[in-house]
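One structure is given below, encoded as structure tokens.
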Amino acid sequence: MIQTEYIRSLHSNYERICLENDFQEHKYQYAMLSRGGIKGLLPCDLRYVNGTAYLYYDITSKQNISLLYQKDSINREWFLDFFWSVKHIRDELGRFLLQESNVLWVPEQIYQDLEKNIFSFLYVPYYEGENQFLTLLGFLVEHIDYSDEKLVELVYHIYEQSEKKGEVYLQNQIFEDIKHFEENSFIKKAEITGEKPEERLPSGEELVETGMEENNINPSGTEKQVPEKKSLLARFERKKGKGKEKENPFQKQSSWEESGYSYAVAEDSDYNEEEYGQTVYLEPHRDQKKILHKIYSSDGKILVSVDREVLLIGKNRDKVDIYLEDLSVSRLHGRIVKTKENVICLEDLNSTNGTFLNGNRMQPYERRALEPGDEIMCGKVVLQYR
């Protein structure tokens, strides 16, 4: 199991990995990674700290996709950009004789530059752990935009084929399926806008071969029998043993009767108010009153109440809960989170200019407990937690 930690050095943020004592820095993969120039991989340096060797990966101005899509859904455009980036990095690794299995495919280790919209992957030389690409696909299944039915079908198809066929499917066929999906999307758009597509739609036989039939017509022209669609997410979660259901476009409860639950109906009562008397209001016990903390600006204005599990801080107005319009603040700068133990914490989100708690700089992704009266500084913006 690889242990990583996050370090801030001068004006850059790093994720670093401690290397074994018997590693050989002149071996090919270490030399190629330190040399750099492989587009799509996180820039990496080999450094020695107190006699211990570390790989330092530069993650400045980048954010991991696990955090980016905790609340937001992944749309079609992002999905296509991401997978063509995956194909590009696979091609690059092959060109430099590096092993694709040494990429950490978990969402927490895949970074996106929000300004340039570029993806970067973390490569660990001579990594012998499990290939976690299926974990990445599971993340996509859970966070995909379920209002886009065709995209949902594609993602689940990819997950299912990867689970059945493994590397045989992931090497080439996955990109063929995505290419067919993208070509069809382009043609549908052209029909609406009147543009003439440059590439043809795959034939029925080609679609059948890839398992991605676009309509209900066989190559012979006869209509096919299409099985009833089921909840893709529910099927996915049963595979994972989660045993809970989420709403999606393919399976909705139309009424309380269908769900099997009973519901209350108001009816006339046969008792009068004098017999039972007036209801007496009881003051809530002091221990039952919930203390609700707030975040204040430097001039004493209330910005937000800490009444949710996660509050994002930054200058990306569309994604954050606490919007700070200042050039020193990163798009996603930090967040306030409530732990399972109901402890309110401040966390830095790999910010460029740093997050400070009571004047002390936090490391990237470091989390510290908040106390009433604490001062939070994001870049140059000062906030108060009370």
Selection count where residues are part of a strand (DSSP E or B) and out of contact with any helix residue (DSSP H, G or I) (no Cβ under 7 Å at 6 or more places or on another chain), scope the stretch 42-64: 11
Subset of the stretch 371-386 (residues that are assigned to a loop (DSSP other than H, G, I, E, B), out of contact with any Pro (no Cβ under 7 Å at 6 or more places or on another chain), surrounded by fewer than 19 Cβ atoms within 10 Å (Cβ to Cβ) and not acidic (D, E)): P372, G373, K380
Any hit, the stretch 352-367, residues being small (G, A, S) and either over 18 Å from Q112 (Cα atoms) or out of contact with any His (no Cβ under 7 Å at 6 or more places or on another chain) (or both): yes
Complete set of residues in the stretch 63-97 that are open to solvent by 40 Å² or more (accessible area, probe 1.4 Å), farther than 20 Å from E183 by Cβ and touching a residue at least 40 places away in the same chain (Cβ under 8 Å): Q70, K71, D72, S73, L97
Test set (1) farther than 16 Å from I38 by Cα; (2) outside any loop (DSSP other than H, G, I, E, B) - V86 fails condition number: (1)
Of residues in the stretch 165-204 being in a helix (DSSP H, G or I), charged (D, E, K, R) and at pLDDT below 55, the one nearest to N131 (Cα to Cα): K189
Residues (touching a Leu at 6+ places or on another chain (Cβ under 6 Å) and among the aromatic types (F, W, Y)) located in the stretch 25-45: none
Selection from the stretch 68-78 of residues that are assigned to a helix (DSSP H, G or I) and in contact with a strand residue (DSSP E or B) (Cβ under 7 Å, 6 or more places away or on another chain): L68
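The values are calculated or read from the model by the stated rules, or taken from the named source; none is laboratory data. Everything quoted here is computed from the prediction, not taken from an experiment. For neighbour counting, all protein chains shown are included, and Cβ atoms are generated from backbone atoms with ideal geometry for every residue, glycine included. In case anyone asks, the SASA skips ligands and DNA or RNA and just uses the protein heavy atoms, side chains included. Shrake-Rupley method; radii C 1.70, N 1.55, O 1.52, S 1.80 Å.
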